[in-house]
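Shown next, in structure tokens, is the structure this report addresses.
The values are calculated or read from the model by the stated rules, or taken from the named source; none is laboratory data. As the structure is a computational prediction, the values presented were derived from the model and not from experiment. Cβ atoms come from the backbone with ideal geometry, glycine included; neighbour counts cover every protein chain shown. Just the protein is used for accessible areas: all its heavy atoms, side chains included, with ligands, DNA and RNA removed. Shrake-Rupley method; radii C 1.70, N 1.55, O 1.52, S 1.80 Å.
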Amino acid sequence: MRHLFSALRLFLIMTVLTGIIYPLIITGIGQIVFPRQANGSIITVDGKIKGSELVGQKFISSRYFWGRPSAIDYNPMPSGATNFGPTSVGLPNALQQCRKQFEDLDWRAVPSDMLFASGSGVDPHLSPDAARLQINRIAHVRGFRVEQRQKIVDLMEHLIETPQWGIFGEPRVNVFLLNVALDQIK
Amino acid sequence: MHLHEVVQIVLYLFFLLALTPVLGLFMAKVFNGGHTWLTPLLRPLEKAIYRLAGIDENTEMRWSTYVWALLIFNFIGFVVVFVMQMIQDKLPLNPQKLPGVSMVLAFNTAVSFMTNTNWQSYAGETSLSYFTQMLGLTVQNFLSAATGVAVLLALTRGLTRRSLQTIGNFWVDLVRTTLYVLLPLAFILAILLLGQGVVQTFSPSLHIQTLESHTQIIPLGPAASQIAIKQMGTNGGGFFNANSSYPLENPTPLSNFFQMLSLLLIPAALTYTYGIMVNSRRQGWVIFAAMMVLFLMGLMVSLWAEYGYNPVTGIAGSMEGKEVRFGVTNSVLWATATTAASNGSVNAMHDSLSPLAGLVAMFNIMLGEVIFGGVGAGLYGMLIFVIITVFIAGLMVGRTPEYLGKKIEAFEVKMSMLAVIAPSLVILVFSAIACVTDAGLSSLGNKGPHGLSEILYAFSSAGGNNGSAFAGLNANTTFYNIMLGIAMLIGRFAVIVPVLAIAGSMANKKNAPFSAGTFQTDNATFVVLLVAIVIIVGGLTFFPALSLGPIVEHLLMLAGHVF
């Protein structure tokens with residue numbers, strides 16, 4: 001019995017320490033030192049909240065760069081993936097779908113990230129090659145002249161994120177930021 | 001693979017190796033009650049805790065008392081998390097107005113976090129309030145990890161003490177581990193993650209109109225504080241459903257690197273701590289080496305498999321279930337590390353890994369979570385294999401087995417076998433039950449041999465206290481919530497109790513004098529033997545099941561079959 005009372009008291013103390021004090025200190029530091037990050041890295045356009053830099057969005061209009069396929073249609077409540085196994089019929093079906101999207105291209109030129117769904121369902125990025133494939137379509141739909149098309153190319157190359165510190169991660173481009181910038185092209 | 005990807009793996013191994021002695025030495029000082037740079041700050045707090053809880057830090061416990069204290073403490077944790085989930089709608093910090101969690105799901109999640117498994121039948125953003133995540137799950141993330149270290153410390157004392165009845169004080173081991181090791185490391189990691197973009201706020205989810213005017217709900221919450229200890233404590237239960245593949249839980253390649261390093265940091269460093277505590281650093285490095293060899297073998301097979309060609313799609317290095325910022329290499333490195341450690345967090349979906357990469361993940365768990373393994377749990381699991389190895393080597397040369405100058409006798413070998421067999425039995429028997437019942441089969445997300453893999457993975461993950469999943473399997477059903485819950489309990493306590501029994505029995509023994517016939521346990525030969533025993537025991541137990549799951553699937557994939 002003595003151990004039971006010690007255990008109860010110790011549990012209560014540890015709960016206060018690790019479940020209240022520790023997260024509150026981290027919240028305080030987050031809100032003071034990293035307020036933008038701690039609140040979701042929000043992007044506003046013309047004073048309106050348009051999304052989080054880190055959370056991918058659904059783009060279906062041909063005027064925009066399309067992101068990766070998503071198992072949850074880019075609505076992360078909850079987040080998740082297709083969970084297709086390597087011999088799932090879902091994989092060849094996904095390829096069929098992609099062939100329709102990129103009718104004018106040899107689909108073998110389409111990078112793997114454009115063909116298959118992400119893990120989170122809200123992957124904000126594309127590989128640079130997957131974005132480049134879409135420039136002609138966007139320029140055509142927007143009725144862009146040659147020099148405006150060149151602006152898309154420049155914009156895209158400018159927004160490519162190389163591996164962090166030249167080492168960590170993969171080259172990529174943020175689709176949401178790319179599309180926000182795309183709308184600014186005159 | 002590109003050069004920068006190889007560099008990432010090398011850097012990962014380098015930091016792991018370099019930090020092992022640094023953190024290992026620090027922990028040894030803490031556990032031996034020595035003076036560290038944190039002592040002036042934390043010692044008064046530590047003493048206050050003992051006073052408030054009515055604990056005498058100088059009283060030592062027999063092994064049976066140690067077990068009793070551990071079980072009571074864990075049971076309280078279970079009850080609190082269980083009840084808290086069911087009444088979360090009546091508690092504060094619930095801005096989404098989430099309802100109370102159902103009883104079976106609450107049971108599964110409470111068991112899961114008490115046993116350091118952190119299996120996700122729940123989806124954080126849609127089923128748990130901020131209150132439950134903070135005061136329920138975060139607390140258990142600390143305490144279950146500290147429990148693992150406590151058991152390891154008790155075993156280590158048992159191995160080193162001569163003719164003594166006691167093996168330490170559970171409360172002191174628990175408090176010291178939490179205060180001096182887990183809290184400071186979690187604190188550092190949380191701040192690093194905050195800087196990279198992990199959220200930490202009490203605001204409700206954001207409802208927004210996207211650039212293309214779709215409605216999107218972005219879940220937020222006090223995530224950074226929880227994710228830090230989720231990784232440091234080899235817990236792995238996500239704040240969000242998609243775990244560390246979700247950008248607000250793991251936003252950048254750098255946050256990914258920090259989290260990945262944390263997966264193995266404490267378990268690796270504990271081998272060095274162990275070396276100091278048994279007064280022979282070589283003994284620690286020998287175990288580190290055996291773990292590293294097993295880890296590298298798995299990593300290489302997994303990389304080879306995942307970059308391989310899949311005739312079903314005609315593509316090599318598929319991005320299905322992976323994130324662009326991590327790519328294939330970081331997804332595979334993470335998958336290997338998270339299953340080697342009993343962490344179970346994911347940054348890519350294991351269900352979509354190629355058959356052999358999935359096999360490596362599963363096999364890492366099936367080996368008993370001893371490749372670095374859980375905090376504390378990995379090393380005490382490996383020490384069980386050390387005892388078995390010494391025993392088998394003794395049989396081969398016809399001598400009495402000894403370890404660290406003490407005889408290994410029938411009782412220790414029986415207890416070791418119990419600790420190895422219990423989780424394996426649970427994995428195989430429960431998988432078999434799931435395979436022949438409608439309740440088990442109706443949850444499958446994939447057909448064909450991959451379906452068997454989903455079931456096998458689920459019970460391996462629960463029995464091995466890992467927590468990762470082939471997530472196509474819908475585990476939030478009455479059948480799986482209860483069966484997996486029981487598997488986690490057996491996988492945790494049917495190992496801990498025998499380990500503590502060994503600790504008690506070894507502490508009581510006298511020294512066996514070192515002689516020319518003593519089998520050396522601190523050289524390369526022993527590393528080879530230990531690795532071989534771990535693989536043979538795991539292989540013999542699970543090869544038949546694995547051959548019907550991932551191995552058949554690999555062959556069918558090469559023939560282009562789909563299901």
Just the residues that are at the interface with another protein chain (Cβ under 8 Å from one of its Cβ atoms) and open to solvent by 20 Å² or more (accessible area, probe 1.4 Å), please, taken from segment B:131-141. B:Leu135
Evaluate segment B:164-187: report whether one residue or more is of a type in the set (Gly, Ala, Ser), without any contact (Cβ under 8 Å) to a residue 40 or more places away in the chain, crowded, with 19+ Cβ neighbours inside 10 Å and part of a helix (DSSP H, G or I). no
If you take the residues in segment B:142-163 that are assigned to a helix (DSSP H, G or I) and polar (S, T, N, Q), which one is most open to solvent (accessible area, probe 1.4 Å)? B:Thr160
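Please verify whether segment A:17-29 includes one or more residues that are among the aliphatic types (A, V, I, L, M) and in contact with a Ser or Thr (Cβ under 7 Å, 6 or more places away or on another chain). Walk me through how you get there before you give the answer.
Within segment A:17-29, the first condition is being among the aliphatic types (A, V, I, L, M), and the residues that meet it are A:17, A:20-21, A:24-26, A:29.
Those left that are additionally in contact with a Ser or Thr (Cβ under 7 Å, 6 or more places away or on another chain): A:26.
Yes: one or more hits.
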So, in segment B:350-376, of the ones that are touching a His at 6+ places or on another chain (Cβ under 9 Å) and more than 15 Å from B:Ser331 (Cβ to Cβ), which residue ends up nearest to the other protein chains (Cβ to nearest Cβ)? B:Pro355
Given the criterion over 23 Å from B:Leu265 (Cβ atoms) and touching a Ser or Thr at 6+ places or on another chain (Cβ under 6 Å), identify the matching residue among B:Gly54, B:Gly24. B:Gly54
By residue number, the members of segment B:205-227 that are crowded, with 24+ Cβ neighbours inside 10 Å and more than 8 Å from every other protein chain (Cβ to nearest Cβ) are B:Gly221, B:Ala223, B:Ile227
Which residue, of A:Gly47, A:Gly51, is at positive phi and crowded, with 18+ Cβ neighbours inside 10 Å? A:Gly51
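Please state which one of B:Ile72, B:Ile49 is open to solvent by less than 60 Å² (accessible area, probe 1.4 Å), within 21 Å of B:Arg492 (Cα to Cα) and within 29 Å of the chain's Cα centre (by Cα). Even if it seems obvious, please write down each step before you answer.
Values: B:Ile49 fails: within 21 Å of B:Arg492 (Cα to Cα).
B:Ile72 is the lone residue from the list that is open to solvent by less than 60 Å² (accessible area, probe 1.4 Å), within 21 Å of B:Arg492 (Cα to Cα) and within 29 Å of the chain's Cα centre (by Cα).
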For segment B:496-537, give me the residue count where each residue is farther than 24 Å from B:Ala154 by Cβ and touching a Phe, Trp or Tyr at 6+ places or on another chain (Cβ under 7 Å). 1
Working carefully through the options B:Ile227, B:Ile208, find the one that is in a strand (DSSP E or B) and over 30 Å from B:Arg62 (Cα atoms). B:Ile208
Tally the residues that are out of contact with any Phe, Trp or Tyr (no Cβ under 6 Å at 6 or more places or on another chain) and either among the polar types (S, T, N, Q) or open to solvent by 10 Å² or more (accessible area, probe 1.4 Å) (or both), restricting the search to segment B:188-201. 5
Scan segment B:188-205 residue by residue and report those that are assigned to a helix (DSSP H, G or I) and in contact with a Pro (Cβ under 7 Å, 6 or more places away or on another chain). B:Gln196
Please verify whether segment B:192-199 includes one or more residues that are over 22 Å from A:Ile25 (Cβ atoms) and within 7 Å of chain A (Cβ to nearest Cβ). no
Could you list all residues from segment B:52-69 that are open to solvent by 50 Å² or more (accessible area, probe 1.4 Å) and polar (S, T, N, Q)? B:Asn58, B:Thr59, B:Ser64
Output the number of the condition that A:Val146 fails; it satisfies all remaining conditions of (1) among the β-branched types (Val, Ile, Thr); (2) touching a Gly at 6+ places or on another chain (Cβ under 8 Å); (3) more than 30 Å from B:Val346 (Cβ to Cβ). (2)
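Can you find, within segment A:14-29, the residue that is surrounded by the most Cβ atoms within 10 Å (Cβ to Cβ) among those that are of a type outside the set (Ser, Thr, Tyr) and in contact with a strand residue (DSSP E or B) (Cβ under 7 Å, 6 or more places away or on another chain)? Break it down into steps so the answer makes sense when it comes.
Filtering segment A:14-29 for residues of a type outside the set (Ser, Thr, Tyr) gives A:14, A:16-17, A:19-21, A:23-26, A:28-29.
From the residues that got through so far, the ones that are in contact with a strand residue (DSSP E or B) (Cβ under 7 Å, 6 or more places away or on another chain) too are A:23, A:26.
On the way: A:Pro23: 27, A:Ile26: 24.
Once the filter is applied, the top-ranked residue is A:Pro23.
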Report yes if some residue within segment B:108-117 is away from chain A (no Cβ under 12 Å), aliphatic (A, V, I, L, M) and not in a loop (DSSP other than H, G, I, E, B); otherwise report no. yes
What are the residue pairs meeting all of these: first residue in segment B:26-45, first residue of a type outside the set (Phe, Trp, Tyr), second residue open to solvent by 70 Å² or more (accessible area, probe 1.4 Å) and at pLDDT 95 or above, Cβ atoms under 6 Å, and 6 or more apart or on different chains? B:Thr36/B:Lys29
Could you please tell me which pairs satisfy a Cβ distance under 9 Å, a separation of 6+ or placement on different chains, a first residue in segment B:325-342 that is among the charged types (D, E, K, R), and a second residue that is assigned to a helix (DSSP H, G or I)? B:Arg325/B:Pro253; B:Arg325/B:Asn256
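For segment A:33-48, how many residues are more than 20 Å from A:Ser118 (Cβ to Cβ) and more than 8 Å from every other protein chain (Cβ to nearest Cβ)?
In the first step, residues of segment A:33-48 are kept if they are more than 20 Å from A:Ser118 (Cβ to Cβ); the result is A:33-39, A:42, A:44-48.
When the remaining residues are screened for being more than 8 Å from every other protein chain (Cβ to nearest Cβ), the result is A:35-36, A:44, A:46-47.
The number of residues fulfilling the criteria is 5.
Among the candidates A:Gly56, A:Gly67, A:Gly30, A:Gly51, single out the residue that is closer than 22 Å to B:Tyr246 by Cβ, more than 8 Å from every other protein chain (Cβ to nearest Cβ) and of a type in the set (Gly, Ala, Ser). Explain how you work it out, then say what you get.
Working: A:Gly56 fails: more than 8 Å from every other protein chain (Cβ to nearest Cβ); A:Gly30 fails: more than 8 Å from every other protein chain (Cβ to nearest Cβ); A:Gly51 fails: more than 8 Å from every other protein chain (Cβ to nearest Cβ).
Residue meeting the stated conditions: A:Gly67.
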I'd like to check something: does segment B:118-130 contain any residue that is touching a helix residue (DSSP H, G or I) at 6+ places or on another chain (Cβ under 9 Å), open to solvent by 20 Å² or more (accessible area, probe 1.4 Å), closer than 21 Å to B:Leu220 by Cα and touching a residue at least 40 places away in the same chain (Cβ under 8 Å)? yes
Starting from residues that are open to solvent by less than 40 Å² (accessible area, probe 1.4 Å) and modelled with pLDDT under 95, keep the ones in segment B:5-35 and report whichever is farthest from the other protein chains (Cβ to nearest Cβ). B:Gly34
Those residues of segment A:64-81 which are over 13 Å from A:Asp123 (Cα atoms) and modelled with pLDDT of 95 or more, in sequence order: A:Tyr64, A:Phe65
Residue under evaluation B:Leu155, criteria (1) out of contact with any Lys or Arg (no Cβ under 8 Å at 6 or more places or on another chain); (2) of a type in the set (A, V, I, L, M, F, W, C); (3) more than 20 Å from B:Pro267 (Cα to Cα), criterion not met: (3)
